[in-house]
Structure formats: C-alpha cells, structure tokens
Amino acid sequence: MRLLFGTASSMLGSMSAHVLIKLEGLSEEATTFSGCVNGKELIELDQGDVQCTSGIEYELSVCMYGGKELVVDVQLNVPLKLRCERCLREFDYSLPVHAVISLEVSPDLLEIDLAKDLREEILLALPAYPKCELAGLECENHDISGDFGLDKAPLPGVNSAAASERSVWDALDGISTPPAP
C-alpha cells in the first residue's frame, strides 16, 4: 500500500497534480500518511488575490470499509498570500483545513486520485473576505464600529456636506412610508 503525490498528464480537466492512493491492502484500521505536496500544482492559485506560496503540509488517515467505501480524514496546512479586503495589502496566511472525504469505490479499482476532492476542500475553506486580522496583523483601515467615520465631525480645514453636529444618516429620518392600502 502506497500513497503517491506527483504530477502527470491531465486526467482531471486542467489540474496537473495528482494525489493517488493505492487501494490494495487498505483495511478498516486507519493508515496515516504525512508529508508535503506542491501547492501551486494542486490548487492552481498563483495569480489574483489568493496565491499558494509553497508546499501544502498534509496528514491523511485512510480506511477502507467493506471493500466499497474509502474514508479519508484530511488535515492540511495551506500557505497562502491573501489580499486584505479593507486596505488591499497582501499578507501571508496559513489556512488550516480539516475534512472527511468518503468515496464509494468499486472492488476492481486499484487506485484513486484525491486531487480534485482536496482542491475542493481547500477552495471551500478559503475566507470569503480575507482581512489582515487573520494573520494577526493590524489593518491600516481597521474600524471596529464598521462605519468608517461617517458620523464623525470632519477634520479641521476639511469642508463637509454634513454639518458637524448632525449625522449623515439623519437624512433617512425624512423618508416616510406610504400608508397601507
């Protein structure tokens, strides 16, 4: 029984990395594999606001139940470069991913490729709105109240359309709702 990581010709669309598990000899008793795989080839994120910066550390616990169901408990540590949604600064982040993958396999199958499943789990674990705070950094546009100073008086010397004693939201007080028919 072996676990193979590597690249080969594309069998899963444009994906070039493969995570092959040899099914021969697997039992209900878990077998654990750990190591590192090329992250750029596995998840193909090397441009834009999310980039994989190096190898992905993995720990897989693999079991075969009844010769028909392969269960893989996955622990990944994915090194990424993300762009903060507030200040647009890039920062490094280590994304932890835990998943359990269950696949039905036929008895005549010799190996199975988990690359597509692992890629999907990583993409689902990505933060929707990454912020510097994920990496423990102070964001340049950090705003606890979430209003970015809309209710505050303007700085001295700055002309503002809103009077300093009134909130910009006061304009909404003049809106009335039509009576119900």
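Note down the net charge around CYS63, summing +1 for each Lys or Arg and -1 for each Asp or Glu among other residues with Cβ under 13 Å from its Cβ. Mind showing how you got there, number by number?
On the way: positive: LYS68; negative: GLU28, GLU29, GLU69, ASP73.
The answer is -3.
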For region 3-135 (alpha-carbon point model, no solvent) the Debye-based log₁₀ I(q)/I(0) at q = 0.11, 0.12, 0.17 Å⁻¹ works out to -0.42, -0.50, -0.89
Spelling it out for VAL78: with amide H atoms placed in the peptide plane at 1.01 Å from N, the residues 5 or more places away or on another chain with amide H under 5 Å from its amide H are LEU95, VAL97
Find how much the distance from GLU104 to ASN38 grows on full extension, using 0.36 nm per residue of separation minus their present alpha carbon separation; answer in nm with one decimal. 21.1 nm
Arrange the peptides 28-41, 60-73 so that the one whose residues have, on average, the most other Cβ atoms within 10 Å appears first. 60-73, 28-41
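Since every read-out is calculated from the coordinates, none of them should be taken as a lab result. None of these values were measured; they are calculated from a predicted model. Glycine also receives a Cβ, built like all others from the backbone with ideal geometry; neighbour counts cover every protein chain displayed.
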